[in-house]
Structures are given as C-alpha cells and as structure tokens.
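The values are calculated or read from the model by the stated rules, or taken from the named source; none is laboratory data. None of the values given here were measured: they were computed from a predicted structure. Don't worry about glycine lacking a Cβ; one is built from the backbone with ideal geometry, like all the others, and counts go over all protein chains shown.
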Amino acid sequence: MAQPTAAQQRPGSTRTLLKGVDGAGVVRRTVLPGGLRIVTETLPTVRSAAFGIWVGVGSRDETPVLNGATHYLEHLLFKGTERRSALDISSALDAVGGEMNAFTAKEYTCYYARVLDNDLPLAIDVVSDMLTGSLIRQEDIDTERDVVLEEIAMTEDDPGDVVHDLFARVMYGSSPLGRPVLGTVETINALTRDQVAGFYKRRYRPEHLVVAAAGNVDHAKVVRQVERAFAGSLTRTDVLPAEPRGGTRALRTAGQVEILDRPTEQAHLVLGLPGLSRGDDRRWALGVLNSALGGGMSSRLFQEVREKRGLAYSVYSYSTSHADSGLFGIYAGCQPKRVEEVLKICREELQKVAEHGITEEELKRAVGQISGSTVLGMEDTGSLMSRVGKAELCYGTHLSVDELLGKISAVTLDDVREVAGSVLGAYRPSLAVIGPVSGKRAAKLGEAVA
C-alpha cells in the first residue's frame, strides 16, 4: 500500500512509514497541529543521535532585491534568542562534545546537530530555540554582514566553485535558480534588518518545516520534546497567505557561452545541458548514466581525459535536480593551453553516450558503484537524518534501503539509452569557463559549442 503523504495524515496522528528490520530502520512521521512534520529513523545499535530542522525555503524563493537573504538569515539564527546568547548556543553543544552547523541551498535550508543519544533533548531544545526565537537584532545584522561578505570573497577566490554559479547563470539567466545562493556584494550591502526579519516571519513557519531525527531515538519522546520546544509557534493563530515559489523561466538550451577572463593558474570549465527534475522517474537511469560517464576513476571521462592523456587532475560529470528542472554538467580544470583539447574530448564523449548509450559492463559497474555508495552513505546518523528529512521535505514519501537499491538495479541498457538520447542528445550543450581565456581563444571556445 502506498504511503500517505503528510497532507493525507490527520493532524496530531503518527504513522509508521517504514517498518525496518529487528527494530532498526523504522521510520515514523507525526504531523502536529499547524502542519509541523516530525520524522524519525531508529537505529538502536548506536550511541549517537542526529537532529535537524529542514526549512522549505532557499535562494530560489528570493526576489532579486532579497538575493542572499536566506543564507544571511542562516547566519543570524546563531546570533541569539530571548533565552540564549550566541555564546550560550555554541557552548551548549560544545560542552557535550556535540556538533552543530547549517547550510543553505537553492530550495531548502537545514540546521542540524549531532550528539550522544543522552544529549538529544539538549540538541532539540537549542536548535528549535534558534529556529523559533531568533532576535535578529540590528547589531547582529551589521556584524554578520561583514562575515557574509568575507564568505562571498572566499568563494570568489575559488574559481572551481564560481564556475558552477556561472554555469547556473548561463542556463537559468536572471531567474531565481540562476542567482547565487550567497547573494552578491551589492545585494548583501543593501539588505536591511526589516527585510531580513520580514523574510524570517513569512517563511519560517511550522507548515514549511520538517523536523528530522535519526539514531538511537524514541519517536514518541522526540515528538514530546519538539512540542515543548515549538509550543509558542504551534499555537499561533495568524494566517499568512502562501507565497508562490519563485518560478524558473525556460532553460536556455541552444549553445549558450559565458567566459570570465581571469588570471588563474587553471582554466575551469563546465559543459552541460538541461537535466531532469527530482520527481522524474528517469532520474534513476540518469544516475547510472552519470556514473558511467564521469562518476568515478573507471568512468569514461576520467579515463579519457586524465588517465590516457594526463590533461586534467579533476574531471567529472554531475546531475543536479530541482522541483521543476535540472542540470547535467561536465566539469574539468586544466592548464589554460589545454582547455580546447579538454573541451573537444568532453564534447565527443557526451555525443557518444547520447547516440549509443553505455555498454553492459559499464552498466554493471555503475549500478554497483551507486549501490555501494548509497549504502555506505547511510552508515552514520547524520546521513540518516539528512535522508529522512530531505525525503519528507522534497518528496513527501520514503523509500527503504532495499527499495532504493531495487530502483537502481532495475535500470536497463535501454533505459540508459533512452535518457541519454532525450537529455544529452536533445540540445547543443552550453559552456561556462573561468580562466585566462580571451580574444581569439575565447571566440574559438564559443565556436566549439555552436
């Protein structure tokens, strides 16, 4: 029987979504009044627990004026509440040997902690307090602005990171998914306390949150502790109209090129095309294709570019999925004098797999690689918490490990060939390059993808 979604579940009720084996791997969900969802995965054989709060808001939910506000807010929630100062927040987890951090992505933000199982109530209280009681004071806005600007500067100093932002801009233009998660120097300098606080009030509401815990946890106890921590928020009577998620205009698909001429030691390039949304059933086949093309040391790109020719130290392919779109890209970093040759090889390999798919041997190797890395990635409580939290927030349903492995092993050569043709063979690839490339060389690169 299909799992009910949270919307189909009665507020105040608890459902077992996955039964697990011998008490391990049991996934339960409780929906509280107000829409807050709590999901847990039990692993009674460990002595640790991970706790996270996933917020259904990311940089794609920002207007151009607010670009960077989600990430800025992530910083500010560590600066203090009515109950705790910034030092109190950090020292509470340090005192028990715990870890606490957060990250912001295009479509969600996550605040998390990992502690000994006995200290889980403390982690729940501290992280929930941050989420529900942040003061967002003017002095914190002013202080943290410089920290965020330093983070932007640090990122700008790494062209291997910046080239991926550049490629997103090439593909999505000025739409929300094309803007950087961190924002820009201009937008961060212009953000006011009222703008950030208003964004916090509108977006950080129970119906937009998923609370996730994994490890040696008791679901009922977690629910009671979260209810206490969120008590004031769960009884709010003000109702704000739902804000639509920022749309993405149609992806640019016809050989777009953008080159940033910088005096770097390497040239960094991303060659890619529109990919699949995260709900597309073909994503399993695309994952296998990605593994065979550029997912490991035995992949075609690694063998052709690095092993046989020694043209690059780092070369790989990747697939990024969003709610309504996706990207498929190839990254390489090489000496500037070799960028044309590397690009030529990448284009050739992309064309080969688009026209002919992969071999039986590559299929078996890719399925094995993904299966192994999937299971190994679930060996710690932090990964388990991320899996159930993201699954609830982004998909609304949960797959067991066996179901995941079944999806992967069910991929056939025909599935890969079909997705290769429809995704990688549908359009001319687009290109983003950062490095000492200008003039005739830049024009030549543009011609290579025309």
Checklist entry - Within region 15-33, is there a residue that is of a type in the set (V, I, T), within 22 Å of N101 (Cα to Cα) and crowded, with 17+ Cβ neighbours inside 10 Å? => result no
Item to check | region 252-265: number of residues that are closer than 17 Å to D165 by Cβ and either touching a Ser or Thr at 6+ places or on another chain (Cβ under 9 Å) or part of a strand (DSSP E or B) (or both) | outcome: 7
Checklist outcome for this item: In region 33-60, anything under 21 Å from Y204 (Cα atoms) and at pLDDT below 95 is listed as P33, G34, G35
Next on the checklist: Criterion first (surrounded by fewer than 21 Cβ atoms within 10 Å (Cβ to Cβ), closer than 24 Å to R278 by Cα, in the same structural domain as S85 (by TED's automatic domain parsing) and out of contact with any His (no Cβ under 9 Å at 6 or more places or on another chain)) does G173 satisfy it?
Outcome noted: yes
Checklist entry - Which pairs have Cβ atoms under 6 Å, sit 6 or more apart or on different chains, and link a residue in region 342-357 that is in the same structural domain as G310 (by TED's automatic domain parsing) to one that is in a helix (DSSP H, G or I) and basic (K, R)? => result E349/R300; G357/R417
Item to check | Residue in region 408-442 that is farthest from G25 (Cα to Cα), counting only those that are crowded, with 17+ Cβ neighbours inside 10 Å and charged (D, E, K, R) | outcome: R441
Checklist entry - Considering only region 331-340, how many residues are in a helix (DSSP H, G or I) and either of a type in the set (A, V, I, L, M) or under 15 Å from Q303 (Cα atoms) (or both)? => result 1
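Which residue, of V375, V419, is β-branched (V, I, T) and either closer than 30 Å to A214 by Cα or assigned to a loop (DSSP other than H, G, I, E, B) (or both)? Walk me through it before giving the result.
Values: V419 fails: either closer than 30 Å to A214 by Cα or assigned to a loop (DSSP other than H, G, I, E, B) (or both).
On inspection, the qualifying residue turns out to be V375.
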Next on the checklist: Please verify whether R249 is basic (K, R), over 21 Å from Q369 (Cβ atoms), at pLDDT 95 or above and assigned to a loop (DSSP other than H, G, I, E, B), treating the condition exactly as stated.
Outcome noted: no
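Hey, among Y72, Y111, which residue is closer than 21 Å to V223 by Cα, hydroxyl-bearing (S, T, Y) and crowded, with 20+ Cβ neighbours inside 10 Å? Please lay out each step first, then the result.
Numbers: Y72 fails: closer than 21 Å to V223 by Cα.
Only one candidate qualifies: Y111.
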Checklist outcome for this item: Going through (1) in a helix (DSSP H, G or I); (2) in contact (Cβ under 8 Å) with a residue 24 or more places away in the chain one by one, A443 fails only at (2)
Next on the checklist: For the condition closer than 30 Å to G20 by Cα and touching a residue at least 40 places away in the same chain (Cβ under 8 Å), what is the one hit in S438, S400, S371?
Outcome noted: S400
Item to check | Counted residues, region 110-147 - those being under 13 Å from H75 (Cβ atoms) and either in contact with a Pro (Cβ under 8 Å, 6 or more places away or on another chain) or among the β-branched types (V, I, T) (or both) | outcome: 4
Next on the checklist: Which of the numbered conditions does L286 fail, given that it passes all the others? Conditions: (1) within 27 Å of G58 (Cα to Cα); (2) among the hydrophobic types (A, V, I, L, M, F, W, C); (3) surrounded by 23 or more Cβ atoms within 10 Å (Cβ to Cβ); (4) more than 18 Å from the chain's Cα centre (by Cα).
Outcome noted: (4)
Next on the checklist: Checking L376 against (1) at pLDDT 95 or above; (2) surrounded by fewer than 16 Cβ atoms within 10 Å (Cβ to Cβ): exactly one of these is not met. Which one?
Outcome noted: (1)
Checklist entry - Mind checking which pairs have a first residue in region 115-136 that is in the same structural domain as L87 (by TED's automatic domain parsing) and a second that is part of a strand (DSSP E or B) and basic (K, R), Cβ under 9 Å, 6 or more apart or different chains? => result A123/R114
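When residues of region 301-318 are filtered for being buried (at least 22 other Cβ atoms within 10 Å of the Cβ) and not hydrophobic (A, V, I, L, M, F, W, C), how many remain? Let's see the steps before the verdict.
So in region 301-318, the residues buried (at least 22 other Cβ atoms within 10 Å of the Cβ) come out as 301, 305, 312, 315, 317.
Narrowing the set further to residues that are not hydrophobic (A, V, I, L, M, F, W, C) leaves 317.
Residues meeting the conditions: 1.
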Item to check | Scan of region 413-439 for residues that are more than 16 Å from V162 (Cβ to Cβ) and either in contact with a strand residue (DSSP E or B) (Cβ under 7 Å, 6 or more places away or on another chain) or among the small types (G, A, S) (or both), ordered by number | outcome: A420, G421, S422, V423, L424, G425, A426, Y427, P429, S430, S438, G439
